[in-house]
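A short write-up of the structure that comes next.
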Amino acid sequence: MESFIRSTQEEEARAALTALKGKELVRIILPYDPDAMLLAFTLAGIYKRISISWNGGDGDLILGSSSERSISILGESYNIGHSSFSSIVPLSFNLLPVQLSGMQISWLLERREPTPWEFNVLKGSERGGVRLEKGPRLPAYHMLPLQYSILMSMEPFFLGISGNKEASATLVREIGGDDTTYLKDLQESQLSTLLDRLSKASMGRPVVSTRIFINDVDLLELAMAIIYFFDLEGTAVCYKVANYDNYHKELLQRYRRSLSTGFQVSWHKEDSKLIVNTNLRSPLLMKVSIGDLEVSFVELELPDGKYSSRYFNKFQGEGLVKLG
């Protein structure tokens, strides 16, 4: 039987990206998306000069934003399927936090598993200090006391527990731990009880998955931090992550400070709009945490008014925009 399945062209797209190194100026047209921005700013360190526009136009490198991604390079189009833009960057161990966080962001925004191409990128990155392990989807559980890892969990978001300092501390006490307990300290029966309790509060989202760590950095937590500050500060965040050594660690510390004192989130939907009452100032983070694929717009109800961000609402500039 004739097959009509179109094969993807990630390897060919990667080779074509490498071939652009000789150009004096590479014009990049891309969607306003953190994965696409991380690719572009990574290439800024590889190419001689680049220009970037997310308002359309002609370019040497054009990133398509349809559900099946395409990359046009010097007029030649490459179908990369559902693979993230960041996965197409030629693999460099120095750039692993950038490349892999772009991939993780794509998985979060699209609620999907890695493509075969992305999984091969992950396996290849293990030689550069990347560690894959099956574990709970709790941020930085190797580095943070358990009650804080639960408190700051945003994907999954645990109803009545995420953001609630007393509830997260109580849960740890109820399974026999205290404020100095780490996940590694739990006995098998304690871990089983914890995962059962979290699963009941996770709104149907998986509590355990393949986790990715780069030395002491939790890739899931880093992706959430980039999403959070991308909404607040715009593309400068992606530029700094891609071009400043260890900036991603500074970003993680800022993210933890924003969440570790506790936060509140309540919401309702109106068709494809998600309306959130919260003190966390990132609409995109809310879409990832409590939204679904049907959500096309997020409105935050903050103490000083209603807001959205450049990701959802086109306007001149970046960051949050006050509505109405």
Just give me the residues in region 284-307 being among the acidic types (Asp, Glu), under 20 Å from the mean Cα position of the chain (by Cα) and under 20 Å from Phe229 (Cα atoms), in sequence order. Glu299
Any idea which of Leu274, Leu222 is outside the structural domain of Leu171 (by TED's automatic domain parsing), outside any strand (DSSP E or B) and touching a residue at least 12 places away in the same chain (Cβ under 8 Å)? Leu222
Could you say which residue among Leu17, Leu100 is closer than 28 Å to Ser282 by Cβ and crowded, with 19+ Cβ neighbours inside 10 Å? Leu100
Within region 70-87, restricting to residues that are part of a strand (DSSP E or B) and of a type in the set (A, V, I, L, M, F, W, C), the one that is surrounded by the fewest Cβ atoms within 10 Å (Cβ to Cβ) is Ile73
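Answer with yes or no whether Ser168 is surrounded by 18 or more Cβ atoms within 10 Å (Cβ to Cβ), touching a strand residue (DSSP E or B) at 6+ places or on another chain (Cβ under 9 Å) and either among the small types (Gly, Ala, Ser) or not assigned by TED's automatic domain parsing to the domain that holds Ser106 (or both).
When the stated conditions are applied, Ser168 does not pass them.
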Residue count, region 43-69, condition in a strand (DSSP E or B) and surrounded by 17 or more Cβ atoms within 10 Å (Cβ to Cβ), comes to 6
When region 205-232 is examined, which residues are found to be surrounded by 15 or more Cβ atoms within 10 Å (Cβ to Cβ) and over 22 Å from Ile150 (Cβ atoms)? Ile214, Phe229, Phe230, Asp231, Leu232
Can you list the helices (runs of 4 or more DSSP H) found entirely within region 129-207 that contain at least 3 residues being under 16 Å from Leu220 (Cα atoms)? 146-151
Out of Arg281, Arg310, Arg257, sole residue that is within 17 Å of the chain's Cα centre (by Cα) and more than 29 Å from Arg49 (Cα to Cα): Arg281
Every listed condition ((1) part of a strand (DSSP E or B); (2) over 16 Å from Leu323 (Cα atoms); (3) not hydrophobic (A, V, I, L, M, F, W, C)) holds for Lys306 save (2)
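For region 71-82, state whether one or more residues are among the β-branched types (Val, Ile, Thr) and either more than 20 Å from the chain's Cα centre (by Cα) or not assigned by TED's automatic domain parsing to the domain that holds Asp216 (or both). If you could, list the steps in order and put the result at the bottom.
Filtering region 71-82 down to residues among the β-branched types (Val, Ile, Thr) leaves 71, 73, 80.
Remaining after also requiring either more than 20 Å from the chain's Cα centre (by Cα) or not assigned by TED's automatic domain parsing to the domain that holds Asp216 (or both): 71, 73.
Taking every residue of region 71-82 in turn, at least one turns out to be among the β-branched types (Val, Ile, Thr) and either more than 20 Å from the chain's Cα centre (by Cα) or not assigned by TED's automatic domain parsing to the domain that holds Asp216 (or both).
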Since Glu133 meets every condition but one in (1) within 19 Å of the chain's Cα centre (by Cα); (2) over 30 Å from Ser296 (Cα atoms); (3) buried (at least 16 other Cβ atoms within 10 Å of the Cβ); (4) at pLDDT 95 or above, which condition does it not meet? (3)
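The values are calculated or read from the model by the stated rules, or taken from the named source; none is laboratory data. Just so it is clear, the model here is predicted, and its values are computed rather than measured. Cβ coordinates were reconstructed from backbone atoms using ideal geometry, including for glycine residues, and neighbour counts include every protein chain displayed.
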